[in-house]
Each structure stands twice: as structure tokens, then as C-alpha cells.
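Since the structure comes first, as C-alpha cells, the remarks are kept for the end.
The values are calculated or read from the model by the stated rules, or taken from the named source; none is laboratory data. Please read these numbers as outputs of a predicted model, since none were measured by experiment. Every residue, glycine as well, gets a Cβ built from its backbone with ideal geometry; the counts of neighbours run over all protein chains shown. Remember, those area values only see protein heavy atoms, side chains included, never the ligands or the DNA or RNA. Shrake-Rupley method; radii C 1.70, N 1.55, O 1.52, S 1.80 Å.
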Amino acid sequence: MSTAEPAKTDETDESAETDKSAKASGGSRRPYHHGDLRRAILTAALDVIAADGPSALSLRDLARRAGVSHAAPAHHFKDRTGLLTAIAAEGFGLLAGTIGEAADLKDAGVRYVRFAREHPAHFQVMFAPDLLRASDLELTTARALATGALRHAVSAVPPEGRGPDARLAGVAAWSLAHGFATLLLGHNLDGAVGERDPEEVFRVLASMLFRTTAE
């Protein structure tokens, strides 16, 4: 019978890293469940971005927050760009899912604004190409899904409701939703929106540009 030790897996490596970090800090509590280190790092990164922006992100600081060695984040994401790219890819995937469930173009825009409000950290990173690895397959796939969902919503609007050029109509729809969401998150619309529901305000704006049913 062989007495060779089993090969280490990523999970056992992460467990050892956590043990070392805990011993170094004089504690023994594991801050994450086995197999969840990647998610723990992503969550910590999203918290930092939401509070202080992408520029405040540090892999060493995220390792400290997760209670693992400083090399652990690099094990999953290689570098800071890899981490931000993973966040953007996740964001585009979430956005594609919510837009894909829209009843019509206005609803797609409302869902876009809602996504930005509910996932502000993702939203900050997704449209900052200088922070991302453009060739990443997960990112390009998720972005294509989100773009496709928006195009589908635009194509469902009759030509008399959006004009003859569906592609330009898509740019107009995206510009309206993205611009409104960006201004909203930056508190530039506090006076204009006031106490009203931002999503209802957006519906009114969308009605000024598009008619989702033929009249």
C-alpha cells in the first residue's frame, strides 16, 4: 500500500495560507468557507471600490481583509488587472441577465438604471477599459451577451417608434440609460429627481425618445 501523501489541491493550498495568516495574527478563526476564497476576494474588492473607487484597490489589502497570505489573490486573479477584469465580467453577466428579462425597451432601460444602483462597484469598473484586460474571454463573452440583450430590446420596437436605423437607436437607448445612471450615481440629479423614484423618472425620459408600440 502506498504511503505517498495526496497531491495538494487549490483548496488545501488556500487552507494552508489561511492557517499561516491566522497564526501570524495570533488567531485561529477562518474568515471564509472552504472553496469560497475567490468569492471572498471579489466581495472585499467590491466593498473597496464602492467606498473609495477602483484606484484604492490593493491585492495585499484584500488578502489582509480575507485573512489569507498576500499571494492568495494572485493565485486566483494573477494581478490587479485580472481582478478588475473578473469584476467587470461578472457585472456584464448580471446586466445581460436582467436586461434579458425586460418586457420592452423602456423596461430594459429601467433595469439598466436599477443594475447601476444595486451594483455601483461593478458599474464603475465595467466601462473603464483602461483598467481591464480587453482580450479576456470571460469578459468579451459577458459583454457580448449584455450588448445582445440591449439590441434585442431595441429591435422589438417598431421602426416608427425608434427610427429607421436600429443600430443608432440602440446607441441612443444605451446613452440615455447609461448617462442617466452615471449622473444619478454621482448625485448630479438629486435636485431634478428629488423625492421621486429614479426608475419612474427614467420611464418618463424614455417616453420622450421612444414609443414601444405603434400608434
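Laid out as a table, the results:
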{"read-out": "Subset of the range 72-83 (residues that are more than 18 Å from residue 122 (Cα to Cα) and either open to solvent by 50 Å² or more (accessible area, probe 1.4 Å) or touching a residue at least 60 places away in the same chain (Cβ under 8 Å) (or both))", "value": "75, 76, 78"}
{"read-out": "Hey, residue 163 open to solvent by less than 60 Å² (accessible area, probe 1.4 Å) and either in contact (Cβ under 8 Å) with a residue 24 or more places away in the chain or hydrophobic (A, V, I, L, M, F, W, C) (or both) or not", "value": "no"}
{"read-out": "Count of the range 54-70 residues which are open to solvent by less than 50 Å² (accessible area, probe 1.4 Å) and either of a type in the set (D, E, K, R) or more than 20 Å from residue 139 (Cβ to Cβ) (or both)", "value": "8"}
{"read-out": "Filtered residue count, the range 174-199, keeping only those that are surrounded by 11 or more Cβ atoms within 10 Å (Cβ to Cβ) and assigned to a loop (DSSP other than H, G, I, E, B)", "value": "2"}
{"read-out": "When residues of the range 200-211 are limited to those that are among the hydrophobic types (A, V, I, L, M, F, W, C) and surrounded by 11 or more Cβ atoms within 10 Å (Cβ to Cβ), the one nearest to the chain's Cα centre (by Cα)", "value": "202"}
{"read-out": "Among (1) touching a residue at least 40 places away in the same chain (Cβ under 8 Å); (2) out of contact with any Gly (no Cβ under 8 Å at 6 or more places or on another chain) - the single one residue 206 does not satisfy", "value": "(2)"}
{"read-out": "Leading residue by the ranking (farthest from residue 142 (Cα to Cα)) among those in the range 84-105 that are more than 11 Å from the chain's Cα centre (by Cα) and surrounded by 23 or more Cβ atoms within 10 Å (Cβ to Cβ)", "value": "105"}
{"read-out": "Subset of the range 107-141 (residues that are farther than 27 Å from residue 209 by Cβ and either in contact (Cβ under 8 Å) with a residue 40 or more places away in the chain or in a helix (DSSP H, G or I) (or both))", "value": "121, 125, 130, 131, 132, 133, 136, 137, 138, 139, 140, 141"}
{"read-out": "Evaluation of residue 171 against (1) surrounded by 17 or more Cβ atoms within 10 Å (Cβ to Cβ); (2) within 21 Å of the chain's Cα centre (by Cα); (3) at pLDDT below 95 (one fails), failing number", "value": "(1)"}
{"read-out": "Qualifying residue in the range 29-41 (condition: touching a Leu at 6+ places or on another chain (Cβ under 6 Å), at pLDDT below 95 and in a helix (DSSP H, G or I))", "value": "yes"}
{"read-out": "Single residue of the range 125-154 satisfying the filter (in contact with a helix residue (DSSP H, G or I) (Cβ under 6 Å, 6 or more places away or on another chain) and of a type outside the set (A, V, I, L, M, F, W, C)) that is surrounded by the most Cβ atoms within 10 Å (Cβ to Cβ)", "value": "143"}
